[in-house]
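The values are calculated or read from the model by the stated rules, or taken from the named source; none is laboratory data. Owing to the predicted nature of the structure, the values given are computational and were not obtained by experimental measurement. Don't worry about glycine lacking a Cβ; one is built from the backbone with ideal geometry, like all the others, and counts go over all protein chains shown. Areas reflect the complete protein model, heavy atoms only, side chains present, ligands, DNA and RNA absent. Shrake-Rupley method; radii C 1.70, N 1.55, O 1.52, S 1.80 Å.
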Amino acid sequence: MSILNPQFSIRALREVAIFLAFLALAVALTWPLAIRLPTAVPDLGDPLLNAWIIDWVGYALTHKPLDLFHAPIFHPAQMPLAFSENLIGVALFAIPFQLAGVAPLTVYNIMFLLGFAHAAYGAFVLARVVTGSTLPSIVAGIFFGFVSYKFAHLSHLQIIWSGWLPLILAAVIAYWRRPAMGRAALVFAAFVMNGLTNIHFLFFGGTGVVVAIAALGIFRPQRDRRFWLQLFGSLTLAGLILLPVLLPYRHVADLYGMKRQASEVQWGSAEVGDWLYTTTRSRVYGQYQPSEIRHERALFPGIIPLFLLAAAMVLTRGERAASPALRAVVTGGAARAPLLHILDVLIVLCAALLWFGNVTERFVITWNDRNLLEMRGTGIAGMVLAISLLVRLLIRFPLALGGARGRSLRTAVADSRFSPEAWAAFTWLILGFIGS
């Protein structure tokens, strides 16, 4: 469609208006930051570091790009920019402000506000691609862009700029529906920009892409050779583009021993109980949170988005009427396999252990003065519960959604109330929860 086409112009104006609405909401929810751009930061740690990184990256990209990772800091260390997030993806948007002479801290705060709007818009695009409806997509954008978890990470600009993650999934789904070189280019662009913005999100997004492609490959298979060549060609090219950005991290990791230990990963990983807490900065839920919670692990998204998710799953109507076999399964006509009984017992047991783990620091079961079970925290029980629930749903839902026993997963999903694209998006919810 030509950019001179009036219909295209109207659509473009509508997209700009939606983005500006998200930006206005970002200004409102972070007020009075907008009137204190040259002086305000959430704290004196990471925000000042990231402001310096954006300023340096913008200067290096416009003056001496080959010296990008040889930042003038920590001399004589090698490639010190790789000691932290490089924020290249954010700095690219900051360059026009820098060239206009805007002060570094002001540029940082402009990027901060744009990051909220970008995350909201990215989720809006994904929701609209999956649902085809604008108003619910705006609601989804608001919840993703301004979830309380973001306000627990106000110091981490790279987390605020999370909009590329939903845009990756949206691009993959759009390409799957109508394969074209232009849509493969969108997959490439979203993947590259996600990697340039946040190294952690690069690995999360890469894993998510593999899961989404696998899900769509099962639910809506594609056998055209050109389809796969374009898709994997775009992802391969994206990896090659990101390689020069990733190699410095490998270099400094080997040179200075900068490698995460298992204990560090475990300390930063969530327990199931963390999904019950939100940041104390929340105006709605903050007053009910214990003061000793770790803000970076406060994951509760709020009651309303959970309610809307459950309502959407219950109220969604499929195009096909339920078959007699489907009704028989839903009403319990099909005999449950022994594996389902075992999983039910395991789920109940893990749920009980989760409760005990949340109300006491140490839970012990003894027999004849011997400790049969000792548990501290909820990590193991929570992980086993999550995996058991996932396996239970994968076994049961093809039966409940697809009809009689023995039908394939692909056929079950095809007959379900939800589209293959919605199922692919749902795998990201499961992946995100287990991965946390």
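What the table shows:
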| quantity | calculated |
| --- | --- |
| Elements of type helices (runs of 4 or more DSSP H) contained in the range 111-193, each with 1 or more residues being open to solvent by less than 30 Å² (accessible area, probe 1.4 Å) and of a type in the set (Gly, Ala, Ser) | 134-145, 148-152, 164-177 |
| Failed criterion for residue 270 (all others in (1) out of contact with any helix residue (DSSP H, G or I) (no Cβ under 6 Å at 6 or more places or on another chain); (2) not in a helix (DSSP H, G or I) hold) | (1) |
| Single residue of the range 215-244 satisfying the filter (buried (at least 19 other Cβ atoms within 10 Å of the Cβ) and in contact (Cβ under 8 Å) with a residue 60 or more places away in the chain) that is farthest from the chain's Cα centre (by Cα) | 219 |
| Checking residue 25 against (1) modelled with pLDDT under 95; (2) farther than 18 Å from residue 90 by Cβ, the condition it does not meet | (1) |
| Scan of the range 182-226 for residues that are among the aromatic types (Phe, Trp, Tyr) and either at pLDDT below 95 or under 20 Å from residue 432 (Cα atoms) (or both), ordered by number | 191, 201, 203, 204, 219 |
| Every residue from the range 80-93 that is assigned to a helix (DSSP H, G or I) and small (Gly, Ala, Ser) | 82, 89, 91 |
| Single match in 72, 42, 96 (criterion: outside any helix (DSSP H, G or I) and surrounded by fewer than 16 Cβ atoms within 10 Å (Cβ to Cβ)) | 72 |
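Conditions tested, residue by residue: (1) under 24 Å from the mean Cα position of the chain (by Cα); (2) closer than 29 Å to residue 147 by Cα; (3) without any contact (Cβ under 8 Å) to a residue 40 or more places away in the chain.
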{"residue": "16", "(1), (2), (3)": "yes, yes, yes"}
{"residue": "40", "(1), (2), (3)": "no, yes, no"}
{"residue": "47", "(1), (2), (3)": "yes, yes, no"}
{"residue": "57", "(1), (2), (3)": "no, yes, yes"}
{"residue": "95", "(1), (2), (3)": "no, yes, yes"}
